[in-house]
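The values are calculated or read from the model by the stated rules, or taken from the named source; none is laboratory data. Bear in mind the structure is a predicted one, so any value in this text is a computation, not a measurement. Because the Cβ atoms are built from the backbone with ideal geometry, glycine has one as well, and the counts that use them run over all protein chains shown.
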Amino acid sequence: MKVVITIQHPAHVHFFRHVIKALEEDDHDVHVFARDKDIALVLLDHYDIEHTVLAGKANSLSGLARVQATYEARLLHETMRIRPDVMTAIGGVAVSHVAPLVGARSVVWIDNEGAQSHRLTTPLAHVVCTPRRFRDDFGSNHVRYDGYHELAYLHPDRFAPNPDRLREYGVTPDEPYFLIRFRQWSALHDVGQNGFSREAKRDLVSFLSNHGDVYVTSESSLPEEFAEYRLPVPPHLVHDLLAFADLYVGDSATMATEAAVLGTPAVRAQSFAGENDMTNFLELAEYGLLYSTADDRDAVERAKYLVRDADPETFARRRDRLIEDKIDVVDYVTDVLVRTGRRQEVHNKG
C-alpha cells in the first residue's frame, strides 16, 4: 500500500513519526511531504524521516495563501507520479483537495473546533478523525476516538523523559525551572486571535526568574529582551525539558496540551479561551491539568499562584487518571490508515 503523509507544523512530525515507523515495518510504501514551518524540517532530519519540501515559510496572510497554493500544486504533481492509496495530514486542506484528483482516499485529523479552514477540508475528506468530545459534527465520514494528537508521541508507552539528556545541556532537572512559549499568530485559523501582550510577557518572565531558571521558546524571532532565556536544548529535547519543568505558561495550543498530558502544571492564554473553547482544553481543565484564559493578565496571576502552591504529586495523579482513560493513538492512527488504504487498493484493483 502507498501512503502519503504531509507535514506543515513541527507537531505534525511528532504526531506521525511513530506511525511512519509502524507503517514501514509492515512494508507499506510511505512518502512524506513537508512545508518549511518553524522547526519542522529540523525534526524530520533529526528523526531520519526521508521527506520532500514542497513550500517555504509565510510571513503574512496573503503570503500564507500563496504558500498554500504552491504547496497544493506541487503535492498534486508529486502524487500523480506516486498514485497513493491513502493520503493523510493534520488539518488536511491540501490532502483533501488533492486525493480525489489522484484516485486516493484522504484521512484528516482535526482537534480544533470552529476553524474556518475546516470548510475547505471536511466536505472533500473521505475520513475525518477527531477526539471523542469534539463539538462539531462533520457527517457520516466523521469518526471519534478517546485521545489527543499529543498522545501519539507523549503517551508513556511512547515517551520516557530522561534527565540525563537535559544535564548534557546545562539544565538541572532537580532545580526549579519554568518553560514559556510565545507563538506567532500567522496561521489561517489564527485570523483575529492573539495571546500574550508585551507587558504581560515582561511581568511573567520577571516574576518567574525570581523563583528559578526561565526558558523561553518563540515561534517567531525571540525579542532581544528575552534573549538570555533562550532554550538551551535542541528542538528534539523540548519534551524532556517540558516534562521536568515546574510550570509551563504560553499562548501555544499544542505545547499547552503537551504539558498537560505530561502532568506539568500548565497555563494557556489565548483570546478564544472560555466556555466555547476547544473541547480538548475544556476536558484537560476538568482533569485539573490545564488552566486556560482569554485574559493574559489572568494567566500571569494564575502562573504566580501555581509557582507558590502547585503540588507535583497531585498533578502526577491527575495525569495517571488521564492516561487510564485514553487509548494508544499511534495504533489507532495506523489502523485507520491501513483500513482506509486497503479499501482503496481493492477499489483500484476492481
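Considering the range 239-254 alone, what residues qualify as being of a type in the set (D, E, K, R), under 17 Å from the mean Cα position of the chain (by Cα) and at pLDDT 95 or above?
Selection gives Asp240 alone.
Which condition does Asp38 not pass, out of (1) under 19 Å from the mean Cα position of the chain (by Cα); (2) at positive phi; (3) modelled with pLDDT of 95 or more, if it passes all the others?
Result: Asp38 fails condition (3) only.
Do you know which residues across the range 278-294 are in a loop (DSSP other than H, G, I, E, B) and either surrounded by fewer than 21 Cβ atoms within 10 Å (Cβ to Cβ) or among the basic types (Lys, Arg) (or both)?
Tyr287, Gly288, Ala294
All but one of (1) of a type in the set (A, V, I, L, M, F, W, C); (2) farther than 12 Å from Ala89 by Cα; (3) not in a strand (DSSP E or B) hold for Val13; state the number of the condition that does not hold.
Looking at each condition in turn, Val13 falls short on (2).
From Val42, Val32, grab the single residue that is over 13 Å from Tyr153 (Cβ atoms), surrounded by fewer than 18 Cβ atoms within 10 Å (Cβ to Cβ) and β-branched (Val, Ile, Thr).
Val42
Would you point out which residue out of Thr264, Thr257 is in a helix (DSSP H, G or I), among the hydroxyl-bearing types (Ser, Thr, Tyr) and at pLDDT 95 or above?
Thr257
Based on what the data block shows, is Val127 touching a Leu at 6+ places or on another chain (Cβ under 8 Å), modelled with pLDDT of 95 or more and at negative phi?
It is false that Val127 is touching a Leu at 6+ places or on another chain (Cβ under 8 Å), modelled with pLDDT of 95 or more and at negative phi.
Step by step: first the residues of the range 295-316, then only those that are in a loop (DSSP other than H, G, I, E, B) and either of a type outside the set (A, V, I, L, M) or out of contact with any Asp or Glu (no Cβ under 9 Å at 6 or more places or on another chain) (or both), then the one that is nearest to Ile180 (Cα to Cα). Which residue is that?
The qualifying residue nearest to Ile180 (Cα to Cα) is Asp295.
Taking the range 216-238 as the search range and keeping residues that are closer than 17 Å to Arg268 by Cβ and either at pLDDT 95 or above or hydrophobic (A, V, I, L, M, F, W, C) (or both), which one is surrounded by the most Cβ atoms within 10 Å (Cβ to Cβ)?
Once the filter is applied, the top-ranked residue is Val216.
What is the one condition in (1) surrounded by fewer than 22 Cβ atoms within 10 Å (Cβ to Cβ); (2) out of contact with any Pro (no Cβ under 9 Å at 6 or more places or on another chain) that Gly91 does not satisfy?
(1)
Is there a residue in the range 273-286 that is under 30 Å from Phe182 (Cβ atoms), acidic (Asp, Glu) and in contact (Cβ under 8 Å) with a residue 24 or more places away in the chain?
Looking through the range 273-286, at least one residue is under 30 Å from Phe182 (Cβ atoms), acidic (Asp, Glu) and in contact (Cβ under 8 Å) with a residue 24 or more places away in the chain.
Could you list all residues from the range 144-176 that are touching a Phe, Trp or Tyr at 6+ places or on another chain (Cβ under 8 Å), surrounded by fewer than 21 Cβ atoms within 10 Å (Cβ to Cβ) and closer than 29 Å to Ala200 by Cα?
Leu166, Pro173
Please go through the range 98-149 and give me each residue that is of a type in the set (Val, Ile, Thr), more than 19 Å from the chain's Cα centre (by Cα) and part of a strand (DSSP E or B), ordered by number.
Val127, Val143
Considering only the range 16-25, I want to know if a residue exists there that is more than 24 Å from Met255 (Cβ to Cβ) and touching a helix residue (DSSP H, G or I) at 6+ places or on another chain (Cβ under 6 Å). Explain how you work it out, then say what you get.
Of all residues in the range 16-25, those more than 24 Å from Met255 (Cβ to Cβ) come to 22-25.
Within this subset, residues satisfying the condition of being touching a helix residue (DSSP H, G or I) at 6+ places or on another chain (Cβ under 6 Å) are 22.
Yes, the range 16-25 has at least one match.
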